[in-house]
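Novice: Let me begin by handing over the structure; questions about it come next.
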Amino acid sequence: MSPRPALTARQAGLLSCHICGQLARPPAAGSHALRCPRCNAPLHLRKPASLATTWALVLAAAILFVPANLLPMMTTASLLGTQHDTIMSGVVFLWQSGSWPLAAVVFFASVMVPLLKIMALVYLAASAQRRSCRQPLQRTRLYRLVEFVGRWSMLDIYVITILVALVQFQGLATIQAGPAAVAFGAVVVLTMFAAMSFDPRLIWDPLADAPPSEQPHD
Amino acid sequence: MLAPDAHPLLPADLIACHECDLLQREPALAPGETARCTRCGALLARNPPDSIDRSLALACTAAVLYLIANLYPLVGLEMQGRRVEVTLAGALHILWHDGMGPVAALVGVTALLFPVLELLMILAVLVPLRLGRASPRLAPFFRLVRSVQPWGMVEVFLLGMLVSLVKLSHLATVILGTAFWAMAALIVVLTLAGRAFDPRLLWQTPGQTP
């Protein structure tokens with residue numbers, strides 16, 4: 001795929017405000033601490049330190065993903081004894097109790113989405129760093145998907161909140177949140193920040209820099 | 001601090017795609033139409049009909065629904081004659097005293113604080129616009145709306161409530177409270193309000209008519 005050569009704002013020496021879209025030409029003297037002439041938001045050519053920030057946040061999220069899945073998410077104390085549940089055993093419980101659509105929803109939102117999101121961000125950051133010209137449209141779509149779907153991983157945190165609040169029948173049954181809840185919440189927040197710090201325009205910049213004839217076709 | 005030129009020489013309809021940086025002309029939009037980037041397909045602009053009136057009406061509705069959703073119990077359980085009902089604030093209180101401070105804070109911010117902050121900021125922008133007092137001073141409020149938006153997760157919270165109720169339904173009778181339905185309606189109304197609002201109205205100079 002070789003997109004039509006086109007002029008980007010960066011090539012034209014223009015900055016676009018990420019809040020209101022106003023185009024502005026930076027003064028020749030310097031280009032730090034600029035503000036949008038229309039809405040006064042900070043102006044950057046690209047999000048500052050975009051890749052480094054994304055890498056740091058994704059790495060932190062990947063590390064915390066381990067305890068989030070291995071430690072107990074909740075502890076149920078009832079007349080029958082005490083039971084520790086991880087995210088996966090919660091999914092298994094839902095599946096076995098017959099509500100397999102919900103089991104699928106929770107599995108997807110709590111296990112698949114964070115995992116795929118971390119992998120997608122690694123791929124996006126790595127390919128942007130390599131200045132790859134490959135499949136920019138598909139990578140932009142992947143980025144949009146990551147941004148859209150990330151929030152749904154908060155599902156398990158909310159489930160725990162309601163379970164802990166409702167099941168407080170002293171003597172009969174109580175539910176407490178486990179340490180995995182903190183780790184899991186951190187994974188969701190870190191991956192959301194990672195997606196926000198990634199600048200999708202970095203996907204397109206190598207295309208503007210390479211003349212169409214010299215674009216690699218890997 | 002250096003102020004860049006507003007650049008009066010650039011054509012007013014020249015815009016850069018916020019996702020791929022392509023320079024292009026923004027087409028004139030009929031009411032209800034949207035403009036997308038010719039290269040990457042990102043949404044560039046929308047022209048919702050009756051933008052200010054509709055989004056203001058929806059934002060006011062959302063404010064009422066938000067109050068109901070937080071004052072009344074969300075969900076409840078009935079077990080062996082004992083009945084438990086919780087509000088959102090009540091649930092956070094229990095979680096906090098359970099030693100889960102960070103989790104309670106995360107839930108409080110995403111399900112309680114940021115949705116209302118978003119709503120107040122939308123109203124702070126819309127009311128002056130409706131009164132015909134568009135001014136650049138509204139810009140900071142709009143920026144706040146934009147930065148807070150991704151963190152308001154009422155719809156995820158609603159799904160979370162449903163999942164937890166299904167988990168409990170085999171051991172107790174489950175009650176859906178007034179606030180549950182108010183919250184479901186709030187999600188619909190907030191989404192519609194967001195779609196009805198045209199941010200370009202903010203940047204129009206007072207003399208200009210849409």
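Novice: Just to be sure I understand, how many residues within region A:156-196 are outside any helix (DSSP H, G or I) and of a type in the set (Gly, Ala, Ser)?
Specialist: Adding up the residues that qualify gives 4.
Novice: Can you spot a residue in region A:123-138 that is crowded, with 22+ Cβ neighbours inside 10 Å and within 7 Å of chain B (Cβ to nearest Cβ)?
Specialist: Checked against the condition, which is being crowded, with 22+ Cβ neighbours inside 10 Å and within 7 Å of chain B (Cβ to nearest Cβ), region A:123-138 yields no hits at all.
Novice: Please find, within region A:197-218, the residue that is modelled with the lowest pLDDT out of those that are charged (D, E, K, R), under 12 Å from A:Arg46 (Cα atoms) and part of a helix (DSSP H, G or I).
Specialist: Result: A:Asp205.
Novice: Which ones in region B:14-60 are charged (D, E, K, R), within 14 Å of chain A (Cβ to nearest Cβ) and touching a residue at least 60 places away in the same chain (Cβ under 8 Å)?
Specialist: B:Arg46 - this is the single residue of region B:14-60 that is charged (D, E, K, R), within 14 Å of chain A (Cβ to nearest Cβ) and touching a residue at least 60 places away in the same chain (Cβ under 8 Å).
Novice: With the checklist (1) in the same structural domain as A:Ala126 (by TED's automatic domain parsing); (2) in contact (Cβ under 8 Å) with a residue 24 or more places away in the chain; (3) crowded, with 16+ Cβ neighbours inside 10 Å in hand, flag the one item A:Val91 doesn't pass.
Specialist: A:Val91 satisfies all of (1) in the same structural domain as A:Ala126 (by TED's automatic domain parsing); (2) in contact (Cβ under 8 Å) with a residue 24 or more places away in the chain; (3) crowded, with 16+ Cβ neighbours inside 10 Å except (2).
Novice: Can you confirm whether region B:88-107 contains a residue that is at pLDDT 90 or above, within 19 Å of the chain's Cα centre (by Cα) and at the interface with another protein chain (Cβ under 8 Å from one of its Cβ atoms)?
Specialist: Within region B:88-107, one or more residues are at pLDDT 90 or above, within 19 Å of the chain's Cα centre (by Cα) and at the interface with another protein chain (Cβ under 8 Å from one of its Cβ atoms).
Novice: Suppose the filter is of a type in the set (A, V, I, L, M, F, W, C) and in contact with a Phe, Trp or Tyr (Cβ under 6 Å, 6 or more places away or on another chain); does A:Ala77 pass it?
Specialist: No, not satisfied.
Novice: Output the residues belonging to region A:173-183 that are in contact with a strand residue (DSSP E or B) (Cβ under 9 Å, 6 or more places away or on another chain) and facing chain B (nearest Cβ under 7 Å).
Specialist: A:Gln176, A:Ala177, A:Ala181
Novice: B:Gly160: in the same structural domain as B:Ala105 (by TED's automatic domain parsing), in a helix (DSSP H, G or I) and among the small types (Gly, Ala, Ser), yes or no?
Specialist: Yes: the conditions hold for B:Gly160.
The values are calculated or read from the model by the stated rules, or taken from the named source; none is laboratory data. It should be emphasised that the depicted structure is a prediction, and the values quoted were computed from it without experimental measurement. Cβ: placed from backbone, ideal geometry, glycine included. Neighbour counts: every protein chain shown.
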